[in-house]
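Nothing in this text is a laboratory measurement; each read-out follows from the coordinates by a stated rule. All values derive from a computational prediction rather than experimental measurement. Glycine also receives a Cβ, built like all others from the backbone with ideal geometry; neighbour counts cover every protein chain displayed.
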Amino acid sequence: PPPANAGRAPGPPDGGWGWVVVFGAFVSIGFAYAFPKGLAIFFKEIQDFFGTSYSEIAWISSITLATTYGAGPISSILVNRYGSRPVVMFGGLLCGIGMVSAAFCTSILQLYICVGFITGLGLALNLQPSVIIIGKYFLKRRPIANGLAMAGSPVMLCTLAPLNQFLFDNFGWRGSFLILGAILLHCCVAGALFRPIGPGRAAVTSQATGRGKDALEEEVTGSAMEMSSAMKVLTEKKMEEEEEKDCCEKINQYLDFSLFKHRGFLIYLVGNVLMFLGFFAPIVFLAPYAKHIGIDEYSAAFLLSILAIVDMVARPATGIIANSKWVRPRIQYFFSFSIAFNGACHLLCPLASGYRGLAVYSAFFGLAFGMVCAMLFETLMDLVGASRFTSAVGLVTIAECCTILLGPPIGGTLIDTFGDYKYMFIKCGAVMVLAGTFLFIMNYYNYRMLAKEEKERKMKEEEPQSARTESEGRNNLNKESALDGPELEPLRKEQEGLKKEMNGT
C-alpha cells in the first residue's frame, strides 16, 4: 500500500542539496549555451578547408542553436516522463558522440549533421531539464539560483574560447573535435547530481491508476461478450471516444496548448521570437570580424573571454537585482530594458575602431547579454507560474528555433553581399531595439489589464456580500415587526401614559 503522505507534494527546500543541483545546472547550461559560440574559433579555418562562404559556415552554429531550442518540446516530454537526471545523462552521451563523429567528416553537410543535429539535440537534453529542476528546488531564492546557474554560460565561454584556440594550434580542428567530444561527456556527471524530489510517488500513483484501468477494461470486455451485437457496437464506440480523450489529455499533460490563450505568454513569445533574430549572430561573428580587420588569433579569441568575464559577473548580479522588492513585481520592464540595451550596443559597434574599441564593445555586450540571459526563464516563470513552466519552455523554444536558425545565416549573407561586417551589427541592433520596445509597451498594457481584471474581480466578490447584508437587514426588520404583538402591549401602554403626562404639563 502507498504511504500515508503519498498525496502530499513536497515543497521546494530553497537550499540544501539544491545548491548541488545548481552546480550541476551550472555545468550543463554552460555547455548548452557556450559550446555553439565557442565553435566560432574554428570557422575561419574550416571555411578555408572546405572552401565555403560566410553564410554556409554560419549554418553550423545556426543548426546547433536551432536544434538546441527546437528540441525543447521533446526534452520537456522526456523530463515529464522520466525526470531530469536520465535525460541530462543521455544528452551528454549524444554530445560526445556528435563531436567525435564530426572529427571524421569530409564535407560541410556532414558537419551540419554531426555538430548541428546530433550535438545540438544532446545540448537540448541538457538545457531544459537543468532549468526545470531549479524551479522544483527553489521558490524564494529562485532568481538567485537561476542567475548562478546561468553564469555557467559565460564561465564556459571564457574557458572554451582560449582552449579551442590552443587545441587548434596543437591538434588541428579534427583533433580538437575529438577532445571536445570527451569534454562534453562531463554533462553525464552533471546530470547525475539531479536528485529527484519526491521519488516514486507519481510513478506509484500512475501504475495504480493504470492497473485500475486495465481491470476495468477486462470487466467491460467480459460483460460485452455476453451482450447482444447492438450493445457491443455501442460499447466499442464509447471506448474509442474514451481513448481519444485519453490521448488528448496525455498530449495536453506534456505540452499545455492552452498557454496560447494566455495574454502574457503570447506577448513574451512574440517578443522573444523577434529578439532571437539578432541575438546570437554578433557572438558568432565577433572573432571572425576581429581576424578580418587584422587582429591576431589569440587576441580575437580573448574578445570572447572579455565578453564572458563581464557576463559572468552580470548574471548573478542581475539575479540579485531582479529578486529585490523594487524590481521583482515589475520584472518584465527590466527584461525589456535589457533587450533594448543589448541592441543599442550592436548599433554602436561599427563606431569601434581597432582592438581597444572592440574590447570596450565586448565588455558592454557581455553586460547586456548577461542581463538578458539571467532573466530569460525567470520572466517566463513569472508570467505562467511554476506548474505550467515545463510546457511553456517547450513551446517557447520550438517557436524560437526558426529565428535562431535564420539569424546567423542572414548576417553571413549581409557580409557576403556588402563585404563589410557593420551591416550585420546594424541589423542585429535594430531588431533587438524593436523587440525591447515591443515588450515594454505590451507589458505595460498587460499590467494595466491585469490590474483592471483584479479590480473587477474584487467588485464582483463585494456585490454578493452587500446583497447578503441588505437581505439580512430586511429579515431583521421583518422579525421586529413580527414581534410587535401582544408581547409588546405593556410597553406601548407605558409610552402612551408618558405622552399624556407630557401633554398635561
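Miscellaneous remarks
- The orientation-averaged shadow of the Cα convex hull for segment 379-472, equal to a quarter of the hull surface, comes to 8.8 nm².
- Each peptide in 260-268, 408-416 receives the mean, over its residues, of other Cβ atoms within 10 Å, and ordering these scores from highest gives 408-416, 260-268.
- Take the Kirkwood radius over Cα pairs of segment 1-154, plug it into Stokes-Einstein at 25 °C and 0.890 mPa s, and you get 147 µm²/s for translational diffusion.
- Order by protection proxy (mean Cβ within 10 Å, highest first), peptides 343-351, 305-313, 289-297, 61-69: 61-69, 305-313, 343-351, 289-297
- Calculated FRET value between Trp19 and Ile293, using beta carbons and R₀ = 41 Å, to 0.05: 0.40
- Burial ranking of peptide ranges 34-45, 124-135, 330-341 (average Cβ count within 10 Å, highest at the top): 124-135, 34-45, 330-341
- Theoretical FRET efficiency, 1/(1+(r/R0)^6), r = Cβ-Cβ of Lys261 and Tyr447, R0 30 Å, to 0.05: 0.95
- Cross-link pairs exceeding 21 Å between alpha carbons, from the set Lys37/Lys136; Lys136/Lys452; Lys37/Lys427; Lys37/Lys291: Lys37/Lys136; Lys136/Lys452.
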